[in-house]
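Below is one structure; the comments refer to it alone.
The values are calculated or read from the model by the stated rules, or taken from the named source; none is laboratory data. What you see is a predicted model, and the numbers here were worked out from it, not measured in a lab. Cβ coordinates were reconstructed from backbone atoms using ideal geometry, including for glycine residues, and neighbour counts include every protein chain displayed. Just so you know, the surface numbers come from the protein's heavy atoms only, side chains and all, with ligands and any DNA or RNA stripped out. Shrake-Rupley method; radii C 1.70, N 1.55, O 1.52, S 1.80 Å.
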Amino acid sequence: MCCFVGVLAFLGPRAAIAAIWIFGDRVELAFGSWWLPLLGLLFLPWTTLMYLIAWQPGGLDGNWDALLIVVGVGLDILTYMQRAAAKSVNTAYRRYG
């Protein structure tokens, strides 16, 4: 079950960003180039997804948009922490188990 949650946290936002990018024009309008969303897709997928959700044609507007982006940053940090924790548990199990 833990591995399923880890895989979902890893692939979920990337699949959503890819679908938004392929089937719509929101990514091009929000970022203006292709390399910044690509970096976001690779390294900060939750933040990029929350930015795409919060973005409006006039740009970011208000505290709720900023809150969504902060939540995305927090989810990215939690995802990386989960990977590090799973790796350390697996290493300790191999060492002592």
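Does Trp46 qualify as being open to solvent by 30 Å² or more (accessible area, probe 1.4 Å) and in contact with a Pro (Cβ under 7 Å, 6 or more places away or on another chain)? If you could, list the steps in order and put the result at the bottom.
On the way: open to solvent by 30 Å² or more (accessible area, probe 1.4 Å): yes; in contact with a Pro (Cβ under 7 Å, 6 or more places away or on another chain): yes.
The answer is yes for Trp46.
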Point to revise | Single condition Lys87 does not satisfy, out of (1) open to solvent by 80 Å² or more (accessible area, probe 1.4 Å); (2) touching a helix residue (DSSP H, G or I) at 6+ places or on another chain (Cβ under 8 Å); (3) modelled with pLDDT under 75 | key: (2)
Practice item. Select from region 49-64 the residues that are over 16 Å from the mean Cα position of the chain (by Cα) and surrounded by 11 or more Cβ atoms within 10 Å (Cβ to Cβ) and write down the one among them that is farthest from Trp21 (Cα to Cα). Key: Asp61
**Study point:** Identity of the residue in region 22-38, open to solvent by 60 Å² or more (accessible area, probe 1.4 Å) and under 14 Å from the mean Cα position of the chain (by Cα), that ends up farthest from Gly58 (Cα to Cα)
**Key:** Leu38
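Can you tell me which residue in region 4-21 is nearest to the chain's Cα centre (by Cα), limited to those that are open to solvent by 70 Å² or more (accessible area, probe 1.4 Å) and aliphatic (A, V, I, L, M)?
The first filter runs over region 4-21 and keeps only residues open to solvent by 70 Å² or more (accessible area, probe 1.4 Å), leaving 4-5, 7-8, 10-11.
Filter again for aliphatic (A, V, I, L, M), leaving 5, 7-8, 11.
Numbers: Val5: 14, Val7: 13, Leu8: 11, Leu11: 9 Å.
The qualifying residue nearest to the chain's Cα centre (by Cα) is Leu11.
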